[in-house]
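The values are calculated or read from the model by the stated rules, or taken from the named source; none is laboratory data. Given the structure is predicted, the values throughout are model-derived calculations rather than measurements. All Cβ positions, even for glycine, are placed from backbone atoms using ideal geometry, and neighbour counts span all protein chains on display.
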Amino acid sequence: MFGRVSRRVFSASLLALLAGCSTLGIGGGDKQPATQVTVAPQATADSTASAASPAPQAQAPVTGGQAYVAGKCPQVVIRDEASVYKLYAKGVKDDPNQLTYQASLAEATRQCTTDGTSLGIHVAAQGRLVAGPVGTSGTVNLPIHVSVMDGNNSLYDKVISYPVSLPAGQTTTQFLFTDDDISVAGGSGGFTSVYVGFEQGPQKPVKGQPKPSHKKH
């Protein structure tokens, strides 16, 4: 009933989201190698004036005018243990007959930008929401955890309550999660990874769902 999430449905959406970023480190899939983000320094008034006049034949190189590498675009990973989120009726756990919703994440990608000092990471992940035997249409808030780790050091950590609407008369829908608020130091990235998954803490009951039935013996 809860088959694997199709990896094709959001291909166009992900490509459109990251289109036009050929000079930055981008990629798709669960694991991507960190890629270089090269930034040209801003031109100063002196450099602009010198560019307008003929340059002398013999001149020492200006190291400050060279392009420099500000950082790398970290890989984005969906951990297997955090790729599925199950929500049950109130007071029930691990009973497939009392499952209200099951959500899953399939693929993630990222785009990096930099101002020469900090590295902005824009993350997108495709997912699917399926109603269980006691699930109904409506809006479900999914706890999606996004973290950026440099080894054992946490650079960014946030749990986002992401609303997904299940249309009336349907038992499944797909969604595209994004987080555009990630900012880390410009030198980060070589040993840095972005992790996306569901927060697997205590689950709150879904309002309006029927109470579980208990058979009398």
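Quick one: count up the residues across the stretch 139-163 that are within 14 Å of Thr100 (Cα to Cα) and surrounded by 17 or more Cβ atoms within 10 Å (Cβ to Cβ).
Total meeting the criteria: 2.
Restricting attention to the stretch 165-191, report how many residues are more than 16 Å from the chain's Cα centre (by Cα) and either at pLDDT 70 or above or crowded, with 16+ Cβ neighbours inside 10 Å (or both).
The number of residues fulfilling the criteria is 14.
Suppose we keep only residues that are of a type outside the set (Gly, Ala, Ser) and either under 11 Å from Leu166 (Cβ atoms) or not in a strand (DSSP E or B) (or both) within the stretch 101-127. Which one would you say is modelled with the highest pLDDT?
By that ranking, first place goes to Tyr101.
So, in the stretch 55-84, of the ones that are at pLDDT below 95, touching a strand residue (DSSP E or B) at 6+ places or on another chain (Cβ under 9 Å) and in a loop (DSSP other than H, G, I, E, B), which residue ends up surrounded by the fewest Cβ atoms within 10 Å (Cβ to Cβ)?
Ala67
Tell me which residues, restricted to the stretch 124-138, are surrounded by 22 or more Cβ atoms within 10 Å (Cβ to Cβ) and either under 18 Å from Lys72 (Cα atoms) or of a type in the set (S, T, N, Q) (or both).
Ala124, Gln126
Here are some residues: Val194, Val148. Which one is in contact with a Leu (Cβ under 7 Å, 6 or more places away or on another chain), of a type in the set (A, V, I, L, M, F, W, C), part of a strand (DSSP E or B) and modelled with pLDDT of 95 or more?
When all the criteria are applied, what remains is Val148.
Within the bounds of the stretch 103-119, is there any residue that is over 25 Å from Asp157 (Cβ atoms), buried (at least 20 other Cβ atoms within 10 Å of the Cβ) and either over 17 Å from the mean Cα position of the chain (by Cα) or touching a residue at least 40 places away in the same chain (Cβ under 8 Å) (or both)?
no
Working only within the stretch 85-104, note down all residues that are in contact with a strand residue (DSSP E or B) (Cβ under 8 Å, 6 or more places away or on another chain) and more than 12 Å from Val130 (Cβ to Cβ).
Of everything in the stretch 85-104, those that are in contact with a strand residue (DSSP E or B) (Cβ under 8 Å, 6 or more places away or on another chain) and more than 12 Å from Val130 (Cβ to Cβ) turn out to be Tyr88, Ala89, Asp94, Asp95, Gln98.
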